[in-house]
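The values are calculated or read from the model by the stated rules, or taken from the named source; none is laboratory data. All figures in this text were calculated on a predicted structure; none of them were measured in a lab. All Cβ positions, even for glycine, are placed from backbone atoms using ideal geometry, and neighbour counts span all protein chains on display. The protein model used for the area step is the full one, side chains on, heavy atoms only, and it has no ligands, DNA or RNA in it. Shrake-Rupley method; radii C 1.70, N 1.55, O 1.52, S 1.80 Å.
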Amino acid sequence: MLRRYVHQFGRKLVRRQPLEPQEKSESRRAPLNTLNLVILGVGKILRAAIYILIGKTVKYITGPAIVICFLVAALFSLLSGFCYAELWARVPHSGSVYLYSYVTMGQLYAFITGWNLILSLVLGTAVLARAWSYIFDSLIGNHISQALQGTFSLHMPHFLAKYPDFLALALVLLLMGLQVLGVRDAALFSKVFTGINILVQSFIILSGFIKGDLHNWQLTEQDYASNTSESSGTSRVGGLGPLGSGGFVPFGFDGALHGAMLCFYAFVAFDTIVSRGEEAPNPQWSIPLGITFSIFICFLAYFSVSASLTLILPYYQIHPDSPLSQTFLHGGWISARYVPSVGIICAITYRLHSAMFPMSQVIYAMAEDGLLFQGLAQVRARTGAPIVAIMSSGNLPGVLALLFKLSDLVDFLSVVTLLAYTLMAFSVLVLRYQSHLKEKTGKEIEMEPEAEGSPLDSVPEVGTSNILKSLWFPTSTTPTEKSGQIVYGCAFMLVLLLTILSLVLAQWPSQVFSGDPVLTTMAVLLLLLITGVMAIIWRQPQDPSPLYFKVPALPVLPLVSIFVNIYSMMRMTTGTWALFGIWMVVGFVIYFGYGTQHGLENNEPQPPASTLQT
């Protein structure tokens, strides 16, 4: 009896969402070529809030080496973009990664993906709101922050911000109210504010050419002595301290790696290209080229802005909260300080407004699917807006923007973003080797009956030799149930091994590379095991079904992406992991207490909430 209950419960966890055929619109939109997708991607990826993050990252973590951090983040974001493209190719419907996970990987995997997608959108909104508040406050002489800090700083716990940011909270609540009233995003506003963002960047880049000094990338102890004498001992020259050790990489290789992890945030939102890729005449070319060129253009923009910033001023003089306006102020261009600030405020306002829509849509989709409380799926009759989901998606980021420091929010967002990239890469790795994922619609996509296989699987295989033989010499040239199970097991083992290796490299890097007998031996053994397990996956047959796009060099590229993401996550602080753990515990309580009882309880054809565009 218990065994039967466990079996039925396990089937619930891996049950997949039926995929309803999309209704074709009578007024079909014009097809999008590669250039259209690139423009769309740049408009979504290019983030004004990154100009706030540059200040603290440059001053305390990377120095001028941030330009290299953006390059590293761009390259590995490109791998994640390719994984997302193949995941979409298996479910060629407009929607979020939550829908794709539900259709291909099952209910539990979809809940984890969707729950973390909600968190990433919540944190992204909080970061934008806090950044908007910082810039606006700097424009009016920091009067708001000084007043609030003088009133509340003594009453705030050390792990929260120095003062509650009521301005950021008010901004989020205002935009939430506009959503409740049914105010929608507009393509015209998107073009206008993207243009403003590009103009601001062009102004900063030109200023860097005019006012920049290459000597700021080659600072020495004499420069510290002449420029930081008023720091009253906060500068520790010649060693890694608050101001680093000078040069192009003042905080060393460790600081550059940490900075690259934070820069991942600058390249999210390439999913827009993927979700609109079905409108392209040749999606197998347009999607990867659109992702590649969009990320490359955004990298050039971030590279140029950060290079200009660090060339105009020594990195240790850059203001951590409002770097652009203060850089122009210290650089002697007092009147020019208002140009980037006003432009970035306009860009962030639009980004904040547009960022809150997908959050409420994902919450509504998961509630409609029964994984979150049904009350979150209530829709306002007059406007058609999911009012409860909108209010939930506005209150949480408002509270986070009110209480937490911008740097802590960015660290938290980095973990969630990297986890999302890891889940996508893992999905691509295992799905390519499965036999049950054909192109199906409606109720055809269900959990395959257990113990059903191909005639090749009906031959009894017993004994250790036969099992080992099937690992290296599969019995079929196409995926079978057995080969799919082998890949699943090996993939989970690889994630475990990569996690252990990342932990060792993140916590004891100097000992590993200096030849410590225990740690170096452990790292070498882990690498050998990883190589062996990866070779077993490589030997298994892949699904020959044609797709619009497939990740090349499987299984190497997804595993490289997984390793980079896990290694970056292992470098996060304990406080960040504690917050993430609390979020996941709350999610699992909701899922196992409510979602498993109500998920997919109504399989009748209905407007699929999961296909809401994010």
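Per atom type, region 97-212 shows carbon and sulfur on 74% of its accessible surface, probed at 1.4 Å.
Protein heavy-atom accessible surface, 1.4 Å probe, per residue over region 341-410: 32 Å². With 30 Å as the limit on Cα-Cα distance, the pairs of Lys44/Lys550; Lys405/Lys550; Lys59/Lys211 that go past it are Lys405/Lys550. The label-point distance for Gln511 and Tyr488, in a model that sets each label 7 Å from Cα toward Cβ, rounds to 3.8 nm. Placing dummy labels 7 Å off each Cα toward the beta-carbon, the span from Leu160 to Val556 is 5.1 nm.
Residues whose amide H lies under 5 Å from that of His319, counting only those 5 or more places away or on a different chain, are Thr327; hydrogens are built 1.01 Å from N in the peptide plane.
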